[in-house]
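Inspection log for the structure reproduced underneath, given as structure tokens.
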Amino acid sequence: QKIIDAVNSNGPDSVGIYNTGQWTLEEYYSMGKLGKGAIGTSTMDSNTRLCMASAVYGYMTSFGSDGPPGCYDDVENTDCFFFIGMNPAGMHTQIWLRIINARKTSRAPKLIVADPRRTQTARSADLHLQLKAGTNVALMNGLLQQIIANGWVNTSYVNNYTRNYTNMAAVVANYTPDYVSFITGVPAADIQKAAQWIATSQETLSMFVMGVY
């Protein structure tokens, strides 16, 4: 009734809609129909965009760009996918179709999914790291620890293009597979396998969305 009163007294733009970044495609569609079609407001925005302000600042200071350094064409040119904080089978259906087709090629890239839930994406994975909610950082530190401990590091790239690598390496040194397994609930062997696949594949593509921001 408040919406109706606002539209009648001050016009449809007097109703503002600010929605979440965690909906399904069907929910976004329905909200669009409600806001643009039924109410007729142009005053709509989404957490999907606004919540990225801090991430964009991080991208700019890290990569010199307002987005991660990659493109969708990388899907067809990778040997290993690493997904964390995203469920493309349920939320990003167009990119998921490209991933499915890429995995059917002779390149047959591996798929690692880090997610507390058994989503369709996770069920499709070669390796599902079913970590406890809230333990993303520990898992990432554990993967870094294994990559460094096994010497799977591009030293030339690190020396030329990164800062504070030594400090980072010292922080993650204690995140052994057993320690990370205790925190996350992911088997130590799976942490080791994931790190190996990520680090030793010729091309690895990591993808992440709202679940880890």
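In this structure, Tyr161 and Leu34 have a Cβ-Cβ separation that, at R0 = 45 Å, corresponds to a calculated FRET efficiency of about 0.45.
Rg and Dmax of segment 53-98, based on Cα coordinates, read 12.6, 32 Å. The mean sequence distance of close C-alpha pairs (under 8 Å, at least 6 residues apart), as a share of the length of segment 45-148, puts its relative contact order at 19 percent.
Residue order by solvent-accessible surface for Phe83, Phe208 is Phe208, Phe83, largest first, with ligands and nucleic acids left out and a 1.4 Å probe. For the chain, the carbon plus sulfur part of the accessible surface works out to 53%, probe radius 1.4 Å.
Considering only Pro187, Pro69, Pro177, the mean-square fluctuation computed in a Gaussian network model of the chain, springs between alpha carbons under 10 angstrom, is largest for Pro69. Axis angle, to the nearest 10 degrees, between helix 188-200 and the longest C-alpha principal axis of the chain: 90 degrees. Taking the square roots of five times each eigenvalue of the Cα gyration tensor of segment 1-126, the equivalent ellipsoid has semi-axes of 37, 19, 12 Å, listed largest first.
In the elastic network of the chain, a GNM with C-alpha springs shorter than 10 Å, the most mobile of Ala38, Ala89, Ala189 is Ala38. Protein heavy-atom accessible surface, 1.4 Å probe, per residue over segment 52-164: 57 Å². For the chain, a Gaussian network of Cα nodes joined below 10 Å ranks Gly67, Gly11, Gly185 by mean-square fluctuation, and the top entry is Gly11. Charged neighbours of Lys132, selected by a Cβ distance under 13 Å, balance to 0 (K, R count +1; D, E count -1). Gly70 sits among other residues whose Cβ lies under 14 Å from its own Cβ, and their net charge, with Lys and Arg +1 and Asp and Glu -1, is -4. Of all lysines in the structure, those lying under 30 Å Cα to Cα from Lys2, and not within fewer than 8 positions of it along the same chain, are Lys33, Lys36. Between segment 96-111 and segment 178-206, what is the separation of their alpha carbon centroids in Å? Between the Cα centres of segment 96-111 and segment 178-206 lies a distance of 20 Å.
Run the numbers on the chain and let me know its relative contact order in percent, using alpha-carbon pairs under 8 Å that are six or more apart.
Details: 267 pairs, mean separation 46.1, N = 213.
Reported as a whole number, the value is 22 percent.
Between 0 and 90 degrees, the angle of helix 53-63 with respect to the longest Cα principal axis of the chain falls at about 40 degrees.
Mean projected area of the convex hull spanned by the Cα atoms of segment 9-70, taken over all viewing directions: 5.5 nm². Starting from the Kirkwood Rh over alpha-carbon pairs, what translational D in µm² s⁻¹ does segment 105-188 have by Stokes-Einstein at 4 °C and 1.567 mPa s? The diffusion coefficient I find is 91 µm²/s. If the viscosity is 0.890 mPa s and the temperature 25 °C, what Stokes-Einstein diffusion coefficient in µm²/s follows for the chain when Rh is the Kirkwood radius over Cα pairs? For the chosen part, D equals 125 µm²/s. Legend: P(r) of segment 150-204 from all alpha carbon pair distances, 5 Å bins from 0, whole percents, reading 4, 16, 20, 24, 21, 11, 3, 0.
Whole-Hz Karplus values for segment 76-83 come out as 7, 10, 10, 10, 7, 9, 10, 10 Hz, taken residue by residue from phi with 6.51 cos²θ - 1.76 cosθ + 1.60 and θ = phi - 60°; glycine and proline positions read x. Would you list, by chain and number, the lysines whose Cα falls below 24 Å from the Cα of Lys110, excluding same-chain residues fewer than 8 positions away? Straight-distance partners of Lys110: Lys132, Lys193.
The values are calculated or read from the model by the stated rules, or taken from the named source; none is laboratory data. Because the structure is a prediction, the values reported are computed rather than measured. Quick reminder, even Gly has a Cβ in these numbers, built from the backbone with ideal geometry, and neighbours come from all protein chains shown. Accessible surface areas use protein heavy atoms only, side chains included; no ligands, DNA or RNA. Shrake-Rupley method; radii C 1.70, N 1.55, O 1.52, S 1.80 Å.
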